[in-house]
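What follows is a single structure, written as structure tokens, with notes after it.
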């Protein structure tokens, strides 16, 4: 048995050592969560929070399909975003980790820049590009294509484009790291055993980059479930996603208990999906 | 000697950018031979192995395996198999999948693969219950055996070993060295073993190829390399030695005459067989291994002797090592089988002698 694992919590010094972390976790994570949970049993009247205990909010949440439609839409968008991000990011990450090894550092700086540029700015940039009289149509018209070729601004497709654009670096980074971690001699060993380039990729590179794919997927899914900027700016607010609904409930409708309940529902569902996902991933790895 | 070489390397050059890693290497390996490529880091031994395996293209020169030119033949299609320094076991495959991988790629039926894997497990003396485990769950020595099994399963013509034992502790290394030797004898495959560990090369190989700076310095049987090194570098690389400067004064068919201001030699000449072919008139080096030097009396009837003072004594369990300095400042190393009483004391003035048959004369050069 591992020494660390077998140490008992009865040892007082362990408590002392863990104390800073316990305090931090409690105040910054656990307490707000408990507060949110307690909030769902309260009521707001005349924009005032009434400290009364009841289940009205929860009955509301479970009786109105509207909330669940939005939740389903949110999950679908997040999953679509994950799929597109992984499919687009993998070749990029693979290229960076193998072919463009020499430009490695320069490209990493560029990706980091993509991270630190404000997402709001980039998202509004897309509006200018995708607009009916925007840059994309202007350029395409010059190539002889009919006007309004690009006409998907303020639809879910534009939202998805924005989400993919903003979250792609996460997938590139996680996948890049896992491919970069693969020992070069493993690939050589595959060649040596008789594998061609494609077979070596299929049998060795791809399975060994799976941790990066899983990590990137989870990250993008969780971030994707929480987006509100893209559906609002690029989707035109026509089909809001959960985060936007929650924001509205808190800010516009000033219904804090309902906002809190919707937050918890979103959290629980997202965590459930991630657990299900990791379960499947774990099973696949064990069976591989 | 007459058998056609299984591996024939002719004037191979390899450059990485402007850096020449191999500068014209030629080497013939006989079928069934165990050959060791040794040399310091950066001497080109691993580069040479990579050219043979087909992981890199040669800059110029030819590599033939069983007479067939390997130029343009990818690693996957060469009849070679490599055991990597870091073993390169696939972490996402079980031991059975790792060992069977080369056969799976050759589209061998699963039941045939299973039988062959069982054969390999038995050959490598691995426990059958390991088959379902992942490589990480095995010890270093067991992983080594799995790597060997994976390399042997496709019955390669040439097994290339790239310092696979270098990461192991001394005890395990000894066990696996014996294992390699046994494996080589039992399967009859030609082994090309790269190592920087000379002792390992001496122990395992039929012939040793000493490399330095992209060139082969000497190729020969272990005893040749050890007792009859081609140059001071080989002499010093292959264990500790004594190189004593002498001056060659004359040659004839079977004798070479020489002078030395240190060495007392009644005859003043050596049998020509003990002198390297490239040694001419003038300065040369007399090579005598530390374990072949003995303490003797002033008047003893020994071929060669010299007077020196003992400067250091190291007791190394089975043997005792001494350092001594002659009156002209020549530093000597002497190794004597351990006895309960030391034959020489620190600071003692002694006579040291050796037999002519135990020495070798070579040309001075870069050590």
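Determine, for B:95, A:273, the number of other Cβ atoms within 10 Å of each Cβ, and report the residues in order from fewest to most.
In increasing order of surrounding Cβ atoms, one gets A:273, B:95.
Report, as an integer, the average count of C-beta atoms from other chains found within 10 Å of each Cβ along B:87-100.
4
In the calculated pair distance distribution of the range A:9-130, what percentage of Cα-Cα distances lie above 20 Å?
For the range A:9-130, the fraction of Cα-Cα distances above 20 Å is 75 percent.
Taking the Cα atoms of chain A, what is the range of coordinates along each of the three principal axes, in descending order and whole Å?
Rounded to whole Å, the extents work out to 71, 71, 34 Å.
How well do other chains shield peptide B:144-151, expressed as the mean number of their Cβ atoms within 10 Å of each residue Cβ?
Average neighbour count from other chains, rounded to a whole number: 1.
Report the paramagnetic label zone for residue B:16: residues of the range B:63-89 whose backbone N is under 17 Å from a point 7 Å from Cα along the Cα-to-Cβ axis.
So the set is B:85-86.
Between the range B:224-242 and the range B:136-208, what is the separation of their alpha carbon centroids in Å?
25 Å
Expressed as a fraction of 2.2 N^0.38 Å, the rule-of-thumb size for a compact globular protein of N residues, what is the C-alpha radius of gyration of the range B:148-197?
Here the Cα radius of gyration is 1.13 times the empirical estimate.
Once you average over the residues of B:75-85, how many Cβ atoms of partner chains fall within 10 Å of each Cβ?
Per residue, the number of nearby Cβ atoms from other chains is 4 on average.
Do me a favour and compute the ellipsoid semi-axes for the range B:1-103 from its Cα gyration tensor, root of five times each eigenvalue, largest one first, whole Å.
25, 18, 14
Order by neighbour count: A:249, B:18, fewest other Cβ atoms within 10 Å first, most last.
Listing A:249, B:18 from fewest to most nearby Cβ atoms yields B:18, A:249.
With angles folded into 0 to 90 degrees, how steeply does helix B:140-152 sit against the dominant principal axis of chain B? Use alpha carbons for both and round to 10.
70 degrees
For chain B, what does the equivalent ellipsoid look like in terms of its semi-axes, each the square root of 5 times an eigenvalue of the Cα gyration tensor, given largest first in whole Å?
They are 46, 25, 16 Å, listed largest first.
At residue A:55 and residue A:101, where each label point lies 7 Å from the Cα along Cα→Cβ, what is the point-to-point distance in nanometres?
6.3 nm
As a test of the formula, what do you get for chain A when each DSSP H run with n ≥ 4 contributes -39,500 (n - 2.57) and the sum is divided by the residue count, at 222 nm and rounded to the nearest 500 deg cm²/dmol?
-22500 deg cm²/dmol
If you restrict to DSSP beta bridges whose two residues both lie in chain B, what percentage is antiparallel, to the nearest 5? Walk me through the numbers on the way to the answer.
Values: 64 of 83 bridges.
Antiparallel bridges make up about 75 percent of those DSSP assigns within chain B.
For the range A:24-48 and the range A:62-99, what is the separation of their Cα centres, given in Å?
Using only Cα atoms to place each centre, the spacing works out to 29 Å.
Once you have the Cα-Cα distance between residue B:261 and residue B:342, take 0.36 nm times their residue separation minus that, and quote the gain in nm to one decimal. If you can, show how the numbers build up before the last one.
Working: separation 81, 0.36 × 81 = 29.16 nm, distance 2.90 nm.
Residue separation times 0.36 nm, minus the Cα-Cα distance, leaves 26.3 nm.
Tally the DSSP beta bridges in the protein assembly as shown and give the antiparallel ones as a percent, rounded to 5.
80 percent
Take the alpha-carbon centre of the range A:111-183, take the same for the range B:65-127, and report the distance between them in whole Å.
46 Å
Please order A:175, B:216, A:182, A:23 by the number of other Cβ within 10 Å, starting at the fewest.
Lowest count first: A:23, A:182, B:216, A:175.
Shape of the range B:233-362 from its Cα gyration tensor (a ≥ b ≥ c, root eigenvalues): rounded if a/c is under 1.5, otherwise prolate when a/b > b/c, or oblate?
Because a/c hits 1.5 or more and a/b exceeds b/c, the range B:233-362 counts as prolate.
Of the peptides A:213-225, B:157-169, how do they stack up when ordered by the mean number of other Cβ atoms within 10 Å, highest first?
A:213-225, B:157-169
How are the C-alpha pair distances of the protein assembly as shown spread across 20 Å bins, as whole percents from the shortest bin up?
14, 31, 27, 18, 9, 2, 0
On a 0 to 90° scale, report how tilted helix B:170-187 is relative to the longest principal axis of chain B, with both axes built from alpha carbons and the result rounded to the nearest 10.
In chain B, helix B:170-187 runs at an angle near 70 degrees to the longest axis.
Mean residue ellipticity at 222 nm from the helices of chain B, using -39,500 (n - 2.57) per DSSP H segment of n ≥ 4 over the full residue count, to the nearest 500 deg cm²/dmol? Spell out each step's value before the answer.
Details: 8 runs with 84 residues, N = 367.
Estimated from H runs of four or more residues: -7000 deg cm²/dmol.
Using R₀ = 35 Å, calculate the FRET efficiency as 1/(1 + (r/R₀)^6) where r is the Cβ-Cβ separation of residue B:240 and residue B:185; round to 0.05.
For R0 = 35 Å, the calculated efficiency reads 0.70.
Bear in mind these aren't lab numbers, they're just calculated from the coordinates by the rules spelled out. On a predicted model such as this, the values are computed, not experimentally measured, just so you know. FYI the Cβ positions are ideal-geometry reconstructions off the backbone, even for glycines, and counts take in every protein chain you see.
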